[in-house]
Structure formats: C-alpha cells, structure tokens
Amino acid sequence: MPAYNASQTISRSILSVWMQTYSNWKIIIRDDVSSDNTVEIIEQIRYQLGLDDDKLSLTVNSEKMWEVRNIVESLKECESNDIICRLDGDDWLCDTDALSIIDHRYKTLECDTLWTAHRWSFTNHNISGPLPENTDPYQHAWVSSHLKTFRKSLIENVKDENFRGVDGEYFKRIGDQAIYLPVLRNSKKWHFEPIVAYHYTIDMNPQTFQTSDAKFQREEGTYLRERGYVE
C-alpha cells in the first residue's frame, strides 16, 4: 500500500483489510514523504486496532520514491509464495469476503495471477474483465485492472528494466501497469474474478483527465505498452 497525503482515506483502506473474513494477511505501507498527517493517522489506527509489525509494517521514506519504486521496495518484505494484493492508500476493499474468495480461487484453480472487478468512486463504472488466453497482456492493459493480485514468485525474475521509463528512472505514475503487465507476461494461468472487490477513488469530473499529471501518466503508459516486455 503506497501512500501519499492519504490522511482522509488511509484509515478506511486499513479497516477494509482488517474487516476481511480472511485473517492471514499483512499490510505493508510505504509513506512517500507525505506533507499531511498520514503517518500519524496510520500510527493511531494501528494502536487502536492492536496491529503489531507482523500485521502492519510502516516505512516512512526520507526521499520521494513515487509509486513503482515503493512497490518494488515493498516486495522485498514478501516471501516467494505470498499472494500480493495491490491496494492504494486512497482506495479500499469493498467486499469483506474479497481475500477469502481470492485465496480460495488460488487454491482451487491453481492460478498464479488474479484480478477482480471494481467500481470507480460510488458509480458502477468498471473497466476490468477477462483476458483472452495466449494473448499479449500489453495489448489489453486496462482489462486487468483492480484488484490486481499475483504470486510474488512471478516477479522475482523480471528484469528491473521493466519497471523503468525512457529516462532509465523508475516509472512514477503508471505503477499498476508497470508492475502487473510483466507479471501477467510470465503468468502460467491467470483468472478474472467478477466480484466488485475494489473501490477506486477518482474524481469523475472530465477535467480530471486533462491535468498535467494525467497527461504525464498517459505518456508513461504509452511508452510502457509500446516498448513491451524486456527479456
């Protein structure tokens, strides 16, 4: 769970995991130099819920790392057979059985990647869906959207160049695709679960997609998809 200035949402993000019917989870949070009281909110809710470091690990960055590098660093805390679930600090799980269902699917279907349906804010908008077999995930980048999950072992042999942009630096804003598309490229069996498990917080105002940040994100994504997988 990478987080930046998430003081208004981080409690709900953490609570959405804490309330899961599945209990064998751990939250790994990296605060990316927030200028608000995100860290204080995390510490407060961790105390209130009685979560030790085995259940909630918090790292406070001393320098800005952006999304992708934060995820890469967080993965170092995970074991090869762990199931990684990507949850942003301003989003939350909106089905309390989500992790139980996901765990069951991994065991019964023997898949190594799985993603679910989602909702954009409080609308029914969802862009996730099935991914055709024997296809290039880079050509269907938005189908495998939230909630993205995978076995950590799948990313261990992915070259670091896959997470870096044209300037050689880690991608900043296209973290979901930069991390998940290489994973899907190496997946032996993927699965789309149609439950709405993820609440994606976004301002549905059309102006949202015209900001300089949105344009920068599109540029990163275009480069990533056109370049494809780095062997």
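The values are calculated or read from the model by the stated rules, or taken from the named source; none is laboratory data. Keep in mind the model is a prediction, meaning the values are calculated, not measured. We place every Cβ from the backbone using ideal geometry, glycine too, and count neighbours over all the protein chains shown.
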Boolean, Phe216 is aromatic (Phe, Trp, Tyr), at pLDDT 95 or above and out of contact with any Ser or Thr (no Cβ under 7 Å at 6 or more places or on another chain): no
Hey, Tyr47 in contact with a Leu (Cβ under 6 Å, 6 or more places away or on another chain), among the hydroxyl-bearing types (Ser, Thr, Tyr) and farther than 19 Å from Asp90 by Cα or not: no
Considering the range 95-111, residues that are surrounded by 18 or more Cβ atoms within 10 Å (Cβ to Cβ) and not in a helix (DSSP H, G or I), and then whichever is nearest to the chain's Cα centre (by Cα), we arrive at Asp95
If a residue has to be farther than 13 Å from Thr113 by Cβ and either surrounded by fewer than 16 Cβ atoms within 10 Å (Cβ to Cβ) or at pLDDT 95 or above (or both) to count, how many in the range 139-152 make the cut? 2
Test set (1) more than 23 Å from Ile28 (Cα to Cα); (2) in contact (Cβ under 8 Å) with a residue 40 or more places away in the chain - Trp142 fails condition number: (2)
Somewhere in the range 181-196, is a residue at pLDDT below 90 and either crowded, with 18+ Cβ neighbours inside 10 Å or farther than 26 Å from Ile14 by Cα (or both)? no
Filtered residues of the range 12-44 (kept if among the polar types (S, T, N, Q) and either outside any helix (DSSP H, G or I) or within 17 Å of Tyr198 (Cα to Cα) (or both)): Ser13, Ser16, Gln20, Thr21, Ser23, Asn24, Ser34, Ser35, Asn37
Would it be correct to say that Glu67 is closer than 23 Å to Leu114 by Cα, part of a helix (DSSP H, G or I) and modelled with pLDDT under 95? yes
Taking Arg69, is it touching a Leu at 6+ places or on another chain (Cβ under 8 Å), closer than 30 Å to Lys188 by Cβ and basic (Lys, Arg)? no
Among the residues listed as Ser74, Ser57, Ser80, the single one being modelled with pLDDT of 95 or more, touching a Lys or Arg at 6+ places or on another chain (Cβ under 8 Å) and in a strand (DSSP E or B): Ser57
Sole residue being aliphatic (A, V, I, L, M) and surrounded by fewer than 17 Cβ atoms within 10 Å (Cβ to Cβ), chosen from Ile127, Ile155: Ile127
What's the total number of residues in the range 153-181 that are in a helix (DSSP H, G or I) and either of a type in the set (Val, Ile, Thr) or within 23 Å of Ala3 (Cα to Cα) (or both)? 11
